[in-house]
Each structure stands twice: as C-alpha cells, then as structure tokens.
2 protein chains.
Amino acid sequence: MGRITVKDIARLLNINPSTVSRALKDHPDISKETIEKVKQVAEELGYEPNLQAISFRNRKSRLIGLIIPDMNMYFFPSVIKAIEDRVRAEGYNLLVLHSNNSLRGEQNNTKICDRLGVEGLLVSVSAESENLSHFEELTERGVPVVLFDRIVDRRDFPIVCIDDVQVAGKVVKHLYDRGFRKICGAFDDPHLSISKRRRQGYEKMLQDLGLEVKPEWIFHADSSETAGEKMAEVLDLPDQPDAIFSMSDQLLVGIMQACLAKGVEIPGEMAIACISNGLVPNFWKPHITYMHHSGEEVGAIAANVLFNMIRNNPVPHMNWVETNMVVQSST
Amino acid sequence: MGRITVKDIARLLNINPSTVSRALKDHPDISKETIEKVKQVAEELGYEPNLQAISFRNRKSRLIGLIIPDMNMYFFPSVIKAIEDRVRAEGYNLLVLHSNNSLRGEQNNTKICDRLGVEGLLVSVSAESENLSHFEELTERGVPVVLFDRIVDRRDFPIVCIDDVQVAGKVVKHLYDRGFRKICGAFDDPHLSISKRRRQGYEKMLQDLGLEVKPEWIFHADSSETAGEKMAEVLDLPDQPDAIFSMSDQLLVGIMQACLAKGVEIPGEMAIACISNGLVPNFWKPHITYMHHSGEEVGAIAANVLFNMIRNNPVPHMNWVETNMVVQSST
DNA sequence: AACGAGTGCGCAAACGGTTGCGGTGGAAAA
DNA sequence: TTTTCCACCGCAACCGTTTGCGCACTCGTT
C-alpha cells in the first residue's frame, strides 16, 4: 500500500538497492541489461523517488523560501509568478510565506525556512522590520538571503529594487513639465523604507524645482481605504493641489475612488501620476500616467541574484530594476 | 559550521542522542535535571530541529500542496492568503504551484507534490483538465485531494465552490428586476466548467424569464484584454444590450475599459452586474453591483475540508460557499 | 603462466531524529 | 538478606537513497 522504493525493485530483481540506485541514473558501472531491467520494473511499479529521503541524504532541500509582507492583489502576485517560474526552471520548489506585515511573522517564517532547510531566501520585509538579525542564522550557514522591493539596506544582503528616490523624482518632474505646480504626494506606511525613499525623491524634486513642500499635501496610508479617506481630506483643503503623485497602485485605487466620489475631473481638475505594476492605471478613462515598475521583472531579477549566490557567483550589492514612463492622455 | 544536531548536544553533555531527543520533548523517562541541561545547551547552541530528517523518519512531510491555474491578481491571492493562514495554524506548510492553465503543468505539479510527499492537495484545475487521473496516484495512497472554484465534478474528489448555476441566475434576475431585458453575458474560457455552469445559469434564467438567448450577446474571454475587445464588438452591434452580466472581476475590467473608451454611460446606457471578489467593482463611480464571491471564504472552506479528510472525518462531496448580493447605485 | 586493467556489482555506512527494548542502580518491600 | 520495583538512561535499528570501497571475474598483454 505504501509507495514503491528502490528496495522493492531490488528485491524483485534479486539485486542490491545500490545497483538499482545507480541503474536509475545510468551510472557507467552498471551494465546496459541491468539498467534496462531496473528501469522497466521501476516504470511498471510506478516508482517515484522519495524527495524527502533524497533531500535528507544530500542535505539539500531543493527548496527556496519567499517571504512577503502581505498577499495583496497589486504587486506580489506578479512577483510570485516570475519567481516561481524561475525557481521551477532550476529544479527547485518555492515555499511562499506571508508575514502579515509583522516582524514576528517574518521571524517565524524565517525559522520555518531554516528548519525546512531552504537553500535560499527571498524577502520583501514587513513594515516593522528594521533589525534583520533573524536572517543571520541562515547567512551564517551559507544560505543566501536576497531582499527585494521592500528592503532594508544592510550591507550583508544584496537588494533588488528600483531607484526609488530617482524614480519618484522623475514622476514628480513629469507632472511639473506638464505645468502642474501644486503636487500632492501619497505614500505607503511611513515605517517602510520604500515609503521613505520615495517620499524623499518626491520632496527633493519639489525643492530642486523650487516648489514648496507642503505637509498638508502629503499623506501616508497602508490601504486603499485609508488612502481614499486621506485623499478626501486633501480635497477639502482650502488650498487644493492640482496634481497627485501616488507611490503605488494600491493607493491609486483609493485616490481615484475619492476623486470620483467628489466628482473631481481627471486630469482637468486633478492630474494623477503614479508608480505602478502597469494594469491598474488603465482601469479608468482616461488612463492614468505611470512609471512602470514591473513586478515580474523584480521577481525575475531577485531570483536571478539568488541563484547566482547559490552557485557562488559574485553578485552586486545593489541590483537596480529598470522602470519606464508610460504617458497617457493629457497627463 | 553546519547546523547543530542532537548528536552535538549529546556529545557535549556526554549522554546519548536518544536522551537528548526525549529531553527536548519532556519525556517522563528523563529526569528534570537532564531536561534542564539539555534545553539550556540546545538554547545556547541555537539548535533547530531538522524538519527534513523528522519528515523523513515519520514519513510525514507536514506539507500541503496548492495548485492554481494562474497567478492572476483578482481571485487567487485572497484564496492563497486564507489557505496559508489555516495551513500554518495547523502546523503545516504550504507549497503553491501554478499550472499556467495547462494540463501538463498540472500533471507536473501533481508529480512534484507526490514526490515531496504532501499530506493533502488543494486544486483549482486548469482550463485543459477534463481527465483527473493524475490525482489518483495520490488518493490511492490515502492523500486527500480537494477541488475548489475551478472544478471538475468527479465523485472521487470533494469540491468547494459556489452554486454557479444558481448564482449566475440570481445576478441575471437582479438585472431583470431592475427593468433590464437585453442582458449580455461575459464568460471565461469556454472549456472551464465554471464558465459552462455560469453560462448555463445565465441562459436558464433568461429562458425562465421569457427572454431570448442571443448568441451575439454572449462572449467568452480568458483575459481582460480579450474581454475588452469582445465587449467593444458588442457595443458596435446594431441591436445593443442594455445590461451586462460579467462572471468575474477579470472580465469586468475589460468590459469597463471598453465601455469607458466608447463613452458609454453606466448605468444609464448600460447596466453592469457581476460575480466578484468584492474589490474591483468599487474602482469606478458609480460602483458596480455584484454578487460577492469571497476568495478568502473559498480558501478557508477548502482548507477546512482538506484537514477534515486528513483527520479521517467524513466530509460532504459538495461544499457550497455562500454568496451575497451587493447592490450599489441604481443598478 | 602470470600480471594488469577493466567491468559489474555488493557491502555497509551515512544523513538526523525517534523509539522499542533492555539494562543498571538504588530504594523500598518481603 | 533477598526480591521487587521504578526512575533514568543507553543501545541499536529504522526511515530511503546514495556512494566509497572492495571483491570477483573476464580479457588481453607480456
């Protein structure tokens, strides 16, 4: 009733399990006839190698861990997709874990990956993660850890992301070039370094352009709903902005909902530009202008860096992901 | 440099590995002092049990497999989230695999799950899956398989989904009750049984209401883009519908894009109602009316059925997921 | 005839943790 | 004093697969 093992095949053919093992992988020590017989019996019995036993014996799990802060619909699905494709192409399997944006969850997930013996770990850190010491148990044992997108820049771990400061600046500059001078900024959780860096790029560009940085025109939100609420407040200000920079698709949704609810004409009364995975800005008419920040590309590059590390190839500390501006309608 | 094992602890304390093993799990045969010492040393050395070894020895992987057709942003992220939460709460880990909507991919994924020794498998089948024999290797060895959402109804496997026929009918009926009589229908890949059933419910309700089923008003699309194209064609018909039923969020996006592109007023010129996970219909103003089909609920119920099977509790063959109508604006 | 070089296969250990069984030593019961 | 009993711990086997080593046997070469 249990599964077929090499021992079963060996017993049936009156040979040694070691011979079966070698025959199944065409070892030159084994005669062609024996190889034939073994393979035939294995086929007939429907033999499937026990990966647990193999992993255990080789002290290799063929497992890659992926820890994401949350399973939102906007960015991580495409990242996961790209990573899984690559991981599978390399003959590995992927374990996806989410930390619920908490440090505790991230630490637990890391421990699980450790206990399962993952051979590499890809992480987009939680909002609470400043201290990254929980990854050191892994790196000390030679298990590579790569941070992507939501990162904390410690020299110990290679990071994969866009140049957030520059990219945010470029989007703001784009709005400026189109004549907008009162540019509001919407950012994710203020604890996230990705939020800090994008806000930094936004503020720096405003200053470089000689524009004022108005705190009333800047808000942080970690969900579409709160972004909508904050946006509604901005729309009630006596001194209203004429444009909005949104650092993500998730915030864009809330912003659009707020604008549509108030009947704000876009881009007539309010221009919008954002950083996006590429789908969401096209939901509305006219389409929203965005800087394309491809989740699939981030995933592909992160996986690539990881496998280079697994193969002991040198990898750069910073791995920039390209972005490109997609200008739509009159914005 | 390698990881700490029970043997290391045993050597350090001049005791037997078996004593260490028992001490770590408070076996009554071991004295309190020994337990203390062992635990202290384990703590100091940062001992982490090797789950591979444990899985191997116990012939239990503590792994659950999840196979989805594709990593789209609309439905599966919420399903995955719910499943992972439950799986983790049970002390298991989740392996997420996607089949790229191909039978081959699904078969490969199943084989991988088999080789890894998963203790249960959750599947949303690919568009190409009619024959489900690849799952039998697992069920024959007592590994439960549960199908959800995109299902094929074979008596062998419990299924978790909404009552697609009835739900689609209800949405159509809702449009009818609001006075619409020319109701277009948008469905996913025609090979999917979920598409067939929802279309069946749509057509049956039209007939029950004495309305004509017009083939020109029915289209199938497996992406937002093609849905948009097909919708644009419908909008060019001489005899235009006054309402649309969309069977999913993904199609809704394409439909909305087409309507917005043509300047069709919603719901004035065209009423829309759909089956949705609940977020997408609120992207626009006015919000789109929808039948709420919660991905999280589907995931939670599917996981629940699976764990009941793992515990040898009896489970029903059909496991219905509840839906509820969310009526918005004037539609 | 003796030697060398291969060919084909078996033996046994190992990976880390668990567990049935058995043994020792000391205290209590007979 | 002998027997019984229990608390505490060690021994060894086991899970399935792999692999270094070595043995037996066959050929071809001097």
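The values are calculated or read from the model by the stated rules, or taken from the named source; none is laboratory data. None of these values were measured; they are calculated from a predicted model. Here Cβ is always computed from backbone atoms with ideal geometry, including for glycine, and neighbour counts include all displayed protein chains. These accessible areas exclude ligands, DNA and RNA; they are computed on the full protein's heavy atoms, side chains included. Shrake-Rupley method; radii C 1.70, N 1.55, O 1.52, S 1.80 Å.
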Self-check item: Listed residues A:Q166, A:Q250, A:Q207, most fluctuating in chain A (Gaussian network, C-alpha, under 10 Å)
Solution: A:Q207
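Can you put B:L138, A:L279, B:L45 in order of accessible area, largest first, using a 1.4 Å probe?
So, going from the largest accessible area down, we get A:L279, B:L45, B:L138.
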Self-check item: Spatial separation of Cα centroids for region A:31-79 and region B:212-257, in angstrom
Solution: 42
Quiz item: Along Cα→Cβ at 7 Å, what distances in nm separate the A:D239 label point from those on the other copies, shortest first?
Solution: 6.1
Quiz item: Accessible area of A:H134, 1.4 Å probe, to the nearest 10 Å²?
Solution: 10
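How big is the dipole moment of chain B about its Cα centre under a simple scheme where the beta carbon of each Lys and Arg is +1, that of each Asp and Glu is -1, and everything else is neutral? Debye, nearest 20, please. Spell out each step's value before the answer.
Numbers: 37 positive and 45 negative charges, 249 e Å.
Roughly 1200 debye, rounded to the nearest 20.
Given contacts defined as C-alpha pairs under 8 Å and at least six residues apart, what's the relative contact order of chain B, whole-number percent? Show your work: numbers first, answer last.
On the way: 586 pairs, mean separation 53.7, N = 331.
Over chain B, the number comes to 16 percent.
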Quiz item: B:D177 to B:R115: FRET efficiency via 1/(1 + (r/R0)^6), r the Cβ-Cβ distance, R0 60 Å, to the nearest 0.05?
Solution: 0.70
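Report the relative contact order of region B:161-215, percent, no decimals, based on alpha-carbon pairs under 8 angstrom and at least 6 residues apart.
Values: 44 pairs, mean separation 24.9, N = 55.
Relative contact order of region B:161-215: 45 percent.
Classify the protein assembly as shown as rounded, prolate or oblate from the Cα gyration tensor: take a ≥ b ≥ c as the square roots of its eigenvalues, call it rounded if a/c is under 1.5, otherwise prolate when a/b beats b/c and oblate if not. Write down the numbers at each step before the final one.
Values: a/c = 2.21, a/b = 1.36, b/c = 1.63.
Taking the square roots of the gyration eigenvalues as a ≥ b ≥ c, the protein assembly as shown is oblate.
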Practice problem: Could you tell me the accessible area of B:W217 in Å² (1.4 Å probe, neighbours in place), rounded to the nearest ten? | Solution: 10
Quiz item: To one decimal in nm, how far is A:L13 from the same spot in the other copies, if labels go 7 Å from Cα toward Cβ? Please give the shortest first.
Solution: 4.6
Quiz item: When chain A is modelled as a GNM with alpha-carbon springs shorter than 10 Å, which of A:N304, A:N16, A:N319 fluctuates the most?
Solution: A:N16
Self-check item: Cα long-axis angle, helix A:295-310 against chain A (0 to 90 degrees, to the nearest 10)
Solution: 40
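Which three numbers, in whole Å and largest first, are the semi-axes of the equivalent ellipsoid of region B:95-250 derived from its Cα gyration tensor as √(5λ)? Intermediate values should be presented prior to the final figure.
Numbers: eigenvalues 261, 56, 22 Å².
Value: 36, 17, 10 Å, ordered largest first.
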Exercise. May I ask you to give the average projected area over all directions of the convex hull of the Cα atoms of region A:1-97, in nm² rounded to one decimal?
Key: 8.7
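What fraction, in whole percent, of alpha-carbon pairs in region B:6-49 exceed 17 Å separation?
Roughly 15 percent, once rounded to a whole number.
If you rank B:E297, A:E106, B:E36 by how much accessible surface each has, with a 1.4 Å probe, what is the order from largest down?
Numbers: B:E297 70, A:E106 0, B:E36 115 Å².
So the residues, ranked largest to smallest area, are B:E36, B:E297, A:E106.
Quick one: putting +1 on the C-beta of Lys and Arg, -1 on the C-beta of Asp and Glu, what dipole do you get for region A:226-331 around its Cα centre, in Debye to the nearest 20?
Numbers: 4 positive and 11 negative charges, 81 e Å.
The dipole magnitude comes to about 380 debye.
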Quiz prompt | Extreme residue, positive dipole direction of chain A, given options A:T110, A:G268, A:L279 (C-beta unit charges) | solution = A:T110
Quiz item: Considering only protein heavy atoms, what is the solvent-accessible area of B:I301 at a probe of 1.4 Å, reported in Å² to the nearest 10?
Solution: 50
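Which whole number gives the average, over all residues in B:251-261, of C-beta atoms from other chains lying within 10 Å of the residue C-beta? Please report the intermediate quantities before stating the final value.
Values: counts 0, 1, 4, 0, 0, 3, 5, 0, 1, 6, 3.
So the per-residue partner count for this stretch is 2.
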Exercise. Jot down the radius of gyration and Dmax of region B:164-292, Cα atoms only, both in angstrom.
Key: 12.8, 34
Practice problem: Over all alpha-carbon pairs of chain B, lay out the pair-distance distribution in 10 Å bins, whole %, shortest bin first. | Solution: 5, 23, 25, 18, 13, 7, 6, 3, 0
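When only Cα pairs under 8 Å and 6 or more residues apart are kept, what is the percent relative contact order across region A:6-49?
Details: 29 pairs, mean separation 13.7, N = 44.
Result for region A:6-49 is 31 percent.
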Practice problem: Kindly provide the helix-only [θ] at 222 nm of the protein assembly as shown, computed as the sum of -39,500 (n - 2.57) over DSSP H runs of four or more divided by all residues, to the nearest 500 deg cm²/dmol? | Solution: -13500 deg cm²/dmol
Practice problem: Note down the nm distance, to one decimal, between modelled labels 7 Å out along Cα→Cβ at B:D242 and at B:E140. | Solution: 5.9
Practice problem: Taking all pairs of distinct Cα atoms, average 1/r, flip it, and tell me the Kirkwood hydrodynamic radius of region A:53-92 in Å to one decimal place. | Solution: 11.7
Quiz prompt | For region A:40-180, alpha-carbon Rg over 2.2 N^0.38 Å | solution = 1.33
Quiz prompt | Spacing of the two label points (7 Å from each Cα toward its C-beta) at A:E48 and B:N312, in nm | solution = 2.2
Quiz item: Anyone know which of B:N277, B:N14, B:N313 comes out most mobile in the 10 Å Cα GNM of chain B?
Solution: B:N14
Practice problem: Two decimals is fine: what's Rg over Rh for region A:243-331, C-alpha atoms, Kirkwood radius as Rh? | Solution: 1.16
Quiz item: How do B:D249, A:D156 stack up against each other in accessible area, from largest to smallest, with a 1.4 angstrom probe?
Solution: A:D156, B:D249
Quiz item: Which percent, nearest 5, of DSSP beta bridges in chain A are antiparallel?
Solution: 10
